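Accompanying notes for the structure given below.
The values are calculated or read from the model by the stated rules, or taken from the named source; none is laboratory data. Quick caveat, the model's predicted, so the values are computed rather than measured. Cβ placement follows ideal geometry from the backbone for every residue including glycine, while neighbour counts extend to all protein chains displayed. Protein only, heavy atoms only, side chains kept; ligands, DNA and RNA dropped before computing areas. Shrake-Rupley method; radii C 1.70, N 1.55, O 1.52, S 1.80 Å.
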Amino acid sequence: EFIAAMAKTQSAIPQMKKLAASLRPEFAVARNDWKSAKVMFRDAAALLDDRELADCLRALSQVALQKHQDASLRQMCIEIVKDSTAKSLCKSEAVRQVMIVEKRRDSVSGVVSGLGLLIEAGAPAGSLKTVFDNEYYTVIQGTNSDVTARMVGLGDKVYALLTDEGEKADLRVSLLDGHFLIEDYEGAMKMLRAGIPDRDKEWHDMASIK
């Protein structure tokens, strides 16, 4: 009621209206009222700038995680990722929260499931690469070869989505290593033919022979 009064009063300044809008979704999540939370979050998007909206999502996510409402949080964040009108920082925060939720379930296989969900949801390629870069070596250092193979396969999907040649070249380094690790030599050769940065022709020839 206090928040509603803040927003409705004729004397409310814009900052107070923004504060009210940013708090409503968080309070709805605290009540486990996700239907209202989503509506209130969309209303907040009309008032808050990108940074403020990302902060709003982060705050409600913390409440959701404290109350173990992981599935509902993941669903909301996936919907934000899929929304073509979503603001960029807010979408990046949604990506981050999906990974937090999935890694709470399992710190290794959760990385793979989270990245898979984000690829399917159409997350920005740059955000997907960041997730892959941050989590790749954690996954491949594990003992589960199936999870490693799935991670490398997801890396190939991220690579195909990238348009920036510098980002693609950077990712090829990890993927080359990954394809050799899972003994996918055809995949490794694909990376070699595309070129590994900071390696000369002699190195590429030697690696191809191996």
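Tabulated results
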quantity	calculated
Residues of the range 71-90 that turn out to be open to solvent by 30 Å² or more (accessible area, probe 1.4 Å) and not in a loop (DSSP other than H, G, I, E, B), as a count	8
Scan of the range 77-103 for residues that are within 14 Å of Leu60 (Cα to Cα) and among the small types (Gly, Ala, Ser), ordered by number	Ala94
Scan of the range 27-63 for residues that are assigned to a loop (DSSP other than H, G, I, E, B) and within 20 Å of Ile100 (Cβ to Cβ), ordered by number	Asn32
Subset of the range 121-130 (residues that are within 9 Å of the chain's Cα centre (by Cα) and assigned to a loop (DSSP other than H, G, I, E, B))	Ala123, Pro124
Any chance Lys103 is part of a helix (DSSP H, G or I), under 16 Å from Ala125 (Cβ atoms), open to solvent by 10 Å² or more (accessible area, probe 1.4 Å) and of a type outside the set (Phe, Trp, Tyr)	no
Test result for Tyr136, among the hydroxyl-bearing types (Ser, Thr, Tyr) and open to solvent by less than 40 Å² (accessible area, probe 1.4 Å)	yes
Where a residue in the range 1-29 is more than 17 Å from Cys90 (Cβ to Cβ) and its partner, wherever it lies, is among the charged types (D, E, K, R) and modelled with pLDDT of 85 or more, with Cβ under 7 Å and at least six apart	Ile3/Arg24; Ala7/Lys17
Matching residues, the range 158-197, being open to solvent by 80 Å² or more (accessible area, probe 1.4 Å) and more than 26 Å from the chain's Cα centre (by Cα)	Glu183, Tyr185, Glu186, Lys190, Arg193
Filter result (open to solvent by 10 Å² or more (accessible area, probe 1.4 Å) and either part of a helix (DSSP H, G or I) or under 19 Å from Ser72 (Cβ atoms) (or both)) within the range 107-120	Ser109, Ser113, Gly116, Leu117, Ile119, Glu120
